[in-house]
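Here, each number is a calculation from the coordinates, and none is a lab measurement. Since the model is a prediction, treat every value here as computed from it, not as a measurement. Backbone-built Cβ (ideal geometry, glycine too); neighbour counts: all protein chains shown.
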Number of protein chains: 2
Amino acid sequence: MRVKNLAELEKILAKKQVLQRNTQPKNQDNTPPPPQLRIIGLDVALRCTGWGIIDTKSEGTVQIPVDCGVIKTDQKAPVSECLRRLAGGVRELIELYKPDVAAIEGGFYCQNVRTAVILGAARGAVIATLAEKAIPTHEYAPRKVKQAICGLGNASKQQVALLVSQMLHIQTDALALDSTDALAMALTHAQLLSAAQGFGVPDPI
Amino acid sequence: MRVKNLAELEKILAKKQVLQRNTQPKNQDNTPPPPQLRIIGLDVALRCTGWGIIDTKSEGTVQIPVDCGVIKTDQKAPVSECLRRLAGGVRELIELYKPDVAAIEGGFYCQNVRTAVILGAARGAVIATLAEKAIPTHEYAPRKVKQAICGLGNASKQQVALLVSQMLHIQTDALALDSTDALAMALTHAQLLSAAQGFGVPDPI
């Protein structure tokens with residue numbers, strides 16, 4: 001193609017630049033980071049609540065342990081003090097680790113109504129704190145967690161701890177069983193995420 | 001008595017002033033105000049929680065209504081949203097009215113464990129918020145409240161509302177029954193306070 005004058009040449013060059021801009025790969029700095037989700041698992045009880053935090057990558061297939069522990073109150077402390085410490089402890093964990101989603105125990109069965117009210121109170125204090133911080137909370141029945149981790153619905157806490165240790169490549173001997181249960185809860189959520197989208201993961205409560 | 005000289009006269013006058021100072025009534029500005037207690041009563045439920053605030057004077061014998069209402073959430077809202085609004089609502093009430101003590105329902109009986117867990121969750125969210133603000137919380141069984149207000153353990157909500165109306169000299173026709181129940185809860189605490197000290201008022205939970 002013969003260029004007739006300078007103005008025409010400039011037009012052709014401008015067109016080329018637009019074409020290059022549309023076809024070249026996106027700027028590396030603007031690309032979104034690989035999807036990563038931080039999950040907090042909570043094994044809620046009035047006087048000893050286990051918590052465990054994991055990071056997941058590649059839609060839940062890769063799981064990395066972050067931290068775990070227990071929120072404990074004295075056996076003689078009044079119920080209101082236990083609930084205050086529980087809600088305060090969960091609030092601190094959220095501010096420190098900034099989890100994206102929470103998984104807690106649900107669908108359990110207890111014969112004693114009084115026990116159910118007290119356990120419900122502990123759950124209420126935790127769920128209200130998570131909701132206050134806009135963290136979607138999913139609940140899993142203990143049987144479902146044991147099935148997801150051990151393949152057995154009636155597995156013991158020790159068996160769950162062993163499998164958590166193998167899945168996260170950590171030593172769990174020195175950890176409280178409540179905290180390994182909480183890690184198992186977070187792992188269950190991660191595993192169900194890695195299943196087909198929209199399948200397995202329950203609606204947030 | 002004959003005064004011998006001016007110095008003696010001054011001594012006698014100074015003594016009289018001291019006597020007058022010791023016998024005259026205390027300065028009105030320095031006297032402490034009559035003891036007044038602000039009580040918040042809460043009839044806790046997941047989707048409709050009644051609240052009522054009263055002031056009491058003279059160790060609970062005089063009761064003055066302050067305000068009452070309900071904290072409501074949509075029937076279709078998820079549990080976590082209900083708990084968030086409930087805890088947030090109670091927090092707002094505390095900041096606005098600054099109650100000294102709280103009275104909530106307790107010792108109830110329900111056959112369904114699932115209902116007990118949900119009711120327990122609502123109670124947990126409320127008690128944790130009250131404890132966070134350092135407000136001592138006392139619980140009263142529904143039967144005890146009805147007995148204290150109506151003299152009948154199985155009185156209906158309408159009968160409770162009628163007696164609350166007479167005790168506080170307010171019109172309760174336009175008020176929700178949940179809020180008159182909450183006022184009854186606060187009145188029960190006030191009545192038990194007016195009984196002999198250390199008698200009747202349960203320990204804070």
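What are the distances, in nm and sorted shortest first, from the label point of A:Gln147 to the label points of the same position in each other copy, with each label point placed 7 Å from Cα along the Cα-to-Cβ direction?
Label-point distances to the other copies, shortest first: 4.8 nm.
Against the empirical 2.2 N^0.38 Å scaling, what ratio does the C-alpha Rg of the range B:114-205 come to? Intermediate values should be presented prior to the final figure.
Values: Rg = 14.3 Å, N = 92, 2.2 N^0.38 = 12.3 Å.
It is 1.16.
Just add up the charged neighbours of A:Trp51: K/R +1, D/E -1, any other residue whose Cβ is under 9 Å from the Cβ of A:Trp51. Kindly include the intermediate steps, with their values, before the conclusion.
On the way: positive: none; negative: A:Asp43, A:Asp67, A:Asp178.
After counting each charged neighbour, the total is -3.
Quick one: 3J(HN,Hα) in Hz for the range A:126-143, Karplus 6.51/-1.76/1.60 with θ = phi - 60°, rounded, Gly and Pro as x.
6, 5, 4, 5, 5, 5, 4, 8, 6, 9, x, 10, 10, 10, 10, 5, x, 5
From the label point of A:Cys110, set 7 Å along Cα to the beta carbon, how far off in nm is each other copy's matching point, shortest first?
So the label point of A:Cys110 gives 1.5 nm to the other copies.
Sequence gap of 8 or more, or different chains, plus Cα separation below 27 Å: how many lysine pairs satisfy both in the range A:72-176?
12
How would you rank B:Thr56, B:Thr115, going from fewest to most other Cβ atoms within 10 Å of each one's own Cβ?
Values: B:Thr56 24, B:Thr115 15.
With the sparsest Cβ surroundings first, the list reads B:Thr115, B:Thr56.
Considering only the label points, 7 Å along Cα→Cβ from Cα, what distances in nm to one decimal separate B:Asp173 from the same position in each other copy, shortest first?
Distances to the matching label points in the other copies: 7.7 nm.
Charges on Cβ only, +1 for Lys and Arg, -1 for Asp and Glu, centred on the Cα centroid of the range B:36-194; of B:Ala45, B:Gln171, B:Val117, which one is farthest towards the dipole's positive end?
Going by the Cα projections, it comes out as B:Val117.
Do any chymotrypsin sites (Phe, Trp or Tyr not before Pro) in the range A:104-205 lie in a loop, going by DSSP, with at most 15 other beta-carbon atoms within 10 Å of their beta carbon, and if so which? Could the numbers behind the result be given before it?
Details: sites: A:Phe108, A:Tyr109, A:Tyr140, A:Phe199; in loops: A:Phe108, A:Tyr109, A:Phe199.
In loop regions of the range A:104-205 (DSSP not H, G, I, E or B), the sparsely surrounded chymotrypsin sites (Phe, Trp or Tyr not before Pro) are A:Phe108, A:Tyr109, A:Phe199.
Compute from the Cα atoms of the range A:50-165 the Rg and the Dmax, the latter being the longest Cα-Cα distance, and quote both in angstrom.
Values for the range A:50-165 (Cα only, Rg and Dmax): 15.3, 45 Å.
About the Cα centre of the range B:36-194, what is the dipole size in debye to 20, counting +1 per Lys and Arg Cβ and -1 per Asp and Glu Cβ, all else neutral? Intermediate results must be reported in sequence, preceding the final value.
Working: 16 positive and 15 negative charges, 75 e Å.
In debye, rounded to 20, the range B:36-194 gives about 360.
When only alpha-carbon atoms count, how far does the range B:49-103 stretch along each of its three principal axes, as whole angstroms with the largest first?
Principal extents (Cα only, largest first): 45, 18, 16 Å.
Calculate how many DSSP beta bridges within the range A:36-194 are antiparallel, expressed in % of all such bridges and rounded to the nearest 5. Mind showing how you got there, number by number?
Numbers: 18 of 26 bridges.
Restricted to the range A:36-194, the bridges split so that about 70 percent are antiparallel.
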